[in-house]
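The values are calculated or read from the model by the stated rules, or taken from the named source; none is laboratory data. Note that the coordinates shown come from a computational prediction; the quantities given were computed from them, not determined experimentally. Positions of Cβ are backbone-derived with ideal geometry, glycine not excepted, and every protein chain shown enters the neighbour counts. With ligands, DNA and RNA removed, areas are computed over all heavy atoms of the protein, side chains included. Shrake-Rupley method; radii C 1.70, N 1.55, O 1.52, S 1.80 Å.
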Amino acid sequence: MSRETVVNLVLLGSLLIVPVYARAVDDPFLITLSTRVAIFALAGVGLNLALGLGGLVSLGHAAFFGIGGYTAGILASHALNYAPLIDGIIVINGSRSMPVIWVTTLIVSACLALLIGALSVRTTGVYFIMITLAFGQMMYYFSISWPAYGGEDGLPIAIRNEFPGLNSLDPFQFFLIAYAVLCVTIFLISRLQDSAFGLALNAVRQSARRVEMVGIATFRLRLTAFVLSGMITGLAGALFADLNRFVSPSMFSWQTSGEIMIFVILGGTARLCGPVAGAGMFIILEHLLGGISDYWLIFLGLLLLVVVLFAQGGLVSWLAGERVRRHG
């Protein structure tokens, strides 16, 4: 067993132990913080598939995070308000079942990612970054201009959606739902990395031209990775909507895309549990320093600078005791 595998298990174990302890001492706020870490880590795992494995630097993943949140919010609002129509044109029957909402979210996120990816994956570098950013901002302004679902005021979810056999209103049980989704996704990503698809995608990231010379369609590989990435991040958005019982246009903002990227870079790009470490560090800093100063993001920026300059492998690489690669 490699050192990184041990670090991954410790990270996932720690994420579970904290809410177990919080439940024992009756601290629901700490459970909620742990749930946020699990959900943000899931969003980071989605981006890490595109960024770490495929080399696709996306600044528009908030589009998927937001569409997942709004899918959950719209289905829940239709179920509670018995409103099966959008402006009397599109028929949508609501649902408060999490599995139904998740499947719907995956489908909607996949369609959106396919649309964005079909245009953006044809480009590289700064062009790819700007196209994904543009799509994210388009979704942001679209959500503001949609008064049927709150416009810029957002859309409240009156009661948390249901999961069969569990009480989702209980903070600890809802954490277990989010944690289970995270662990299953990480396991599937680990299998994907070792598959022929994952190896080919990694080769495309290193040298797309060489891969094309052996007859592999790099566009399809990247597009598939981008769609899978968007689906995972969209699922995280649906869970985040249930956690807060509220969705707002801010879920589509470029700041949200930036935060998701920070989770990946802090934890370690292409590291399986890098987003878990990155999201955990982000929430810890926000909780500890946010109450001291409104400018706590300065300290986050300093930490990010240290990681980029001295630990390119992120926190996971540092915890695993790997030697830092120096350039120049």
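Observations, loosely collected:
- Counted residues, region 1-51 - those being among the acidic types (D, E) and either surrounded by fewer than 20 Cβ atoms within 10 Å (Cβ to Cβ) or farther than 17 Å from G314 by Cβ (or both): 2
- Filter pass, I298 being free of Cβ contacts under 8 Å to residues at least 60 places away in the same chain and within 18 Å of L59 (Cβ to Cβ): no
- The residues on offer are F128, F163, F135, and the sole one that is on the phi < 0 side of the Ramachandran plot and touching a Pro at 6+ places or on another chain (Cβ under 9 Å) is F163.
- Considering residues of region 71-80 that are touching a helix residue (DSSP H, G or I) at 6+ places or on another chain (Cβ under 7 Å) and open to solvent by 10 Å² or more (accessible area, probe 1.4 Å) only, the residue nearest to T185 (Cα to Cα): T71
This table checks each residue for (1) in a helix (DSSP H, G or I); (2) without any contact (Cβ under 8 Å) to a residue 12 or more places away in the chain; (3) within 17 Å of L243 (Cα to Cα).
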position	(1), (2), (3)
F29	yes, yes, yes
S34	yes, no, yes
A38	yes, no, yes
V45	yes, no, no
L49	yes, no, no
G55	no, no, no
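One line per residue, one yes/no per condition, for (1) within 14 Å of I101 (Cα to Cα); (2) under 15 Å from the mean Cα position of the chain (by Cα):
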residue	(1), (2)
T218	no, no
L221	no, no
A225	no, yes
G230	no, yes
L235	yes, yes
L239	yes, yes
F246	no, no
P249	no, no
Q255	no, yes
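- Pick from region 205-252, criterion polar (S, T, N, Q), closer than 26 Å to L75 by Cβ and at pLDDT below 95, ranking: least open to solvent (accessible area, probe 1.4 Å): S248
- Number of the exception - F64 against (1) at pLDDT 95 or above; (2) open to solvent by 30 Å² or more (accessible area, probe 1.4 Å): (2)
- Condition check for I265: buried (at least 20 other Cβ atoms within 10 Å of the Cβ) and β-branched (V, I, T): yes
- Test: residue in region 291-298 that is hydroxyl-bearing (S, T, Y) and part of a helix (DSSP H, G or I): no
- Region 117-134 - residue that is assigned to a helix (DSSP H, G or I) and either buried (at least 24 other Cβ atoms within 10 Å of the Cβ) or of a type in the set (S, T, Y) (or both) and, of those, nearest to the chain's Cα centre (by Cα): T132
- Residue count, region 160-202 (criterion: open to solvent by 40 Å² or more (accessible area, probe 1.4 Å) and either of a type in the set (G, A, S) or touching a Cys at 6+ places or on another chain (Cβ under 8 Å) (or both)): 3
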